[in-house]
Amino acid sequence: ISTHGCVGVHPWVEIDELVLGLTYQGRRGAMALAGDAAALGVEVESREAAVDRVLSKASRETEEAVLEAMRASPSTTRGVAEAIGRAHRALEVAARRAELSGAEARDLKAHVASTARTEFGRRTEAVGLREYEAATGSSVERSNDCLVVWHFPRDQGEVVFPRSLPAEGVRVADVGCDPDRALFRLVGKVDGVAFEPDCRAADPEDWTCRPVVVEVKNRAGGRLKVPPELYDQLQLVVYAFMCACDVGDLVQCRRDPAAGEPVHISRIARADHDHDFRTIVLPRLYRLATAVDALRRDDDRRRAFLASSPPDRWRAAVALCDWLPDPPADYVGAFLEPPPRAAPDDDPPPASPAPSPAPDPPPDRRRPLRSPRRDASEAPD
């Protein structure tokens, strides 16, 4: 789950999805989700299943255009934009032909664009690291080789900050407090760690090499962001803390030969963000984690939260954590929602209303619910 979403600095995070993902994450969360769905008489549908279901109503041409955009492998940002454009035009035609509703076409368009751009960034990450090496002369010696798990105790005053880079060859590095005492954890794999000369000592005999966290952002939209967005800087700062690095390099790349500067590197010093991390980011993470922990432990409140509409879930999260942004006025959040399932006669009644601030569930609601996303749960980005 994204750290920048949890602390309210990312403009594109859907807060109801974020809190659902936190509430039902992990093995214990999956078991709770299955039990809550059964108790409420609802069905849980994954995002992938929802896409397949909606596409099955469209023409073959529409389905091919959508799948091609999500699975194609263009090498330039222009190619990504062209594939997304073809899929969007096909979905608009499908909506005019009444193959899909307007809401289904709109949600699929957003899903196609997000998937295509994310896949483009994933495929071209290694290219970005090579371009970074060419631009800096530093060798990236470690890339996605270790899953770092930073555990945080229930008492914020006892937070343990990592003091060394995880040892080479370690596949999973547990840092911070004892995992059995943790309230929450941050988990991530850095794109790369480079090493550069550290010449801060007066005597050249004392010069050493220091590690530098490297994070690559392939801009599928083709626009470099200088200075980088706050949420990108926060991601790099979190990685720097996790790996005990003083500095990090945020590498922005674009794959359009006509666009000008192909690579821009922004140096981020951990010390410049240390105060804000300790006084703003950590307290917000603790407040949200404490609220979610209470929700996970209370069956009635958790089921009431799950049964509520996406806008109501979003507003309930804001009531718990007032730094989170309010939902957009037109937000509905029901991604590709299927028609209601007929409730059998022996269906259990809905969960009892939740104590404030969780919203009360509608008394006779029997609607399917999509499962929270988990594809980004291993990184603090």
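The values are calculated or read from the model by the stated rules, or taken from the named source; none is laboratory data. These numbers come from a predicted model, not from an experiment. Cβ sites come from the backbone with ideal geometry, for glycine too, and all protein chains shown count toward neighbours. Just so you know, the surface numbers come from the protein's heavy atoms only, side chains and all, with ligands and any DNA or RNA stripped out. Shrake-Rupley method; radii C 1.70, N 1.55, O 1.52, S 1.80 Å.
If packing is taken as the mean number of other Cβ atoms within 10 Å per residue, what is the order of 303-312, 320-329, 120-129, highest first? Before the final figure, lay out each step's value.
On the way: 303-312: 22.4, 320-329: 14.2, 120-129: 17.8.
Those peptides, ordered most packed to least, come out 303-312, 120-129, 320-329.
By how many nm would the segment from ARG53 to ARG267 lengthen if fully extended, with 0.36 nm per residue of separation less the alpha-carbon distance? Each step should come with its number before you reach the end.
Numbers: separation 214, 0.36 × 214 = 77.04 nm, distance 4.51 nm.
Roughly 72.5 nm would be gained on extension.
With contacts defined as alpha carbon pairs under 8 Å and 6 or more residues apart, what's the relative contact order of the chain in percent? Mind dumping the intermediate values first?
Values: 624 pairs, mean separation 94.3, N = 381.
The value is 25 percent.
Give me the number: length gained by fully extending ASP145 to LEU230, i.e. 0.36 nm times residue separation minus the C-alpha to C-alpha distance, one decimal in nm. Let's see the in-between values first.
Numbers: separation 85, 0.36 × 85 = 30.60 nm, distance 2.61 nm.
Here the segment from ASP145 to LEU230 would lengthen by 28.0 nm.
Please report, as a whole percent, how much of the solvent-accessible surface of the range 52-190 comes from carbon and sulfur atoms (probe radius 1.4 Å). Before the final figure, lay out each step's value.
Values: 3480 of 7510 Å².
Carbon with sulfur: 46 percent of the solvent-accessible area.
State in Å² the accessible area per residue of the range 1-142; use a 1.4 Å probe, count heavy atoms of protein chains only, and round to the nearest integer. Walk me through the numbers before you get to the answer.
Details: 6820 Å² over 142 residues.
Here the residues of the range 1-142 average 48 Å² of exposed surface.
Direction-averaged shadow area of the convex hull around the Cα atoms of the range 146-227, nm²? Let's see the in-between values first.
On the way: hull surface 36.2 nm².
Approximately 9.0 nm², given one-decimal rounding.
Want the number for ARG154 to ARG122: 0.36 nm per residue separation, take away the alpha-carbon distance, what's left? Don't jump to the answer; show the numbers that get you there.
Values: separation 32, 0.36 × 32 = 11.52 nm, distance 3.46 nm.
Contour length minus Cα-Cα distance gives 8.1 nm.
Tally Lys and Arg at +1 and Asp and Glu at -1 over the other residues with C-beta under 12 Å from the C-beta of ALA98: what net charge comes out?
Numbers: positive: LYS57, ARG96, ARG97; negative: GLU99, GLU104.
Charge balance in the 12 Å sphere: +1.
At 222 nm, what helix-only mean residue ellipticity would the chain give, in deg cm²/dmol to the nearest 500, using -39500 (n - 2.57) for each DSSP H run of four or more?
Values: 12 runs with 152 residues, N = 381.
Using -39500 (n - 2.57) per qualifying helix, the result is -12500 deg cm²/dmol.
Would you give the gap between the C-alpha center of the range 183-229 and the C-alpha center of the range 276-304, rounded to a whole Å?
Cα centroid of the range 183-229 versus Cα centroid of the range 276-304: 30 Å apart.
Could you give me the radius of gyration and the Dmax of the chain, taking only the C-alpha atoms into account and expressing both in angstrom?
Spelled out, the Cα radius of gyration and Dmax of the chain are 22.8, 82 Å.
Could you give the nm distance between label points at HIS275 and ALA34, where each point is 7 Å from its Cα heading toward the beta carbon?
Simple spin-label model gives 5.1 nm for this pair.
DSSP loop trypsin sites (Lys or Arg not before Pro) in the range 1-80 with at most 15 other Cβ atoms within 10 Å of their Cβ, which ones?
LYS57
Where both partners of a DSSP beta bridge lie in the chain, what percent of those bridges are antiparallel, to the nearest 5? It would help to have the intermediate numbers written out before the result.
On the way: 22 of 36 bridges.
Looking only at bridges with both residues in the chain, the antiparallel portion is about 60 percent.
Over the range 97-219, calculate the relative contact order: mean separation of alpha carbon pairs under 8 Å at least 6 apart, over the residue count, as a percent. Present the calculation step by step, with values, prior to reporting the outcome.
Details: 159 pairs, mean separation 32.8, N = 123.
Reported relative contact order: 27 percent.
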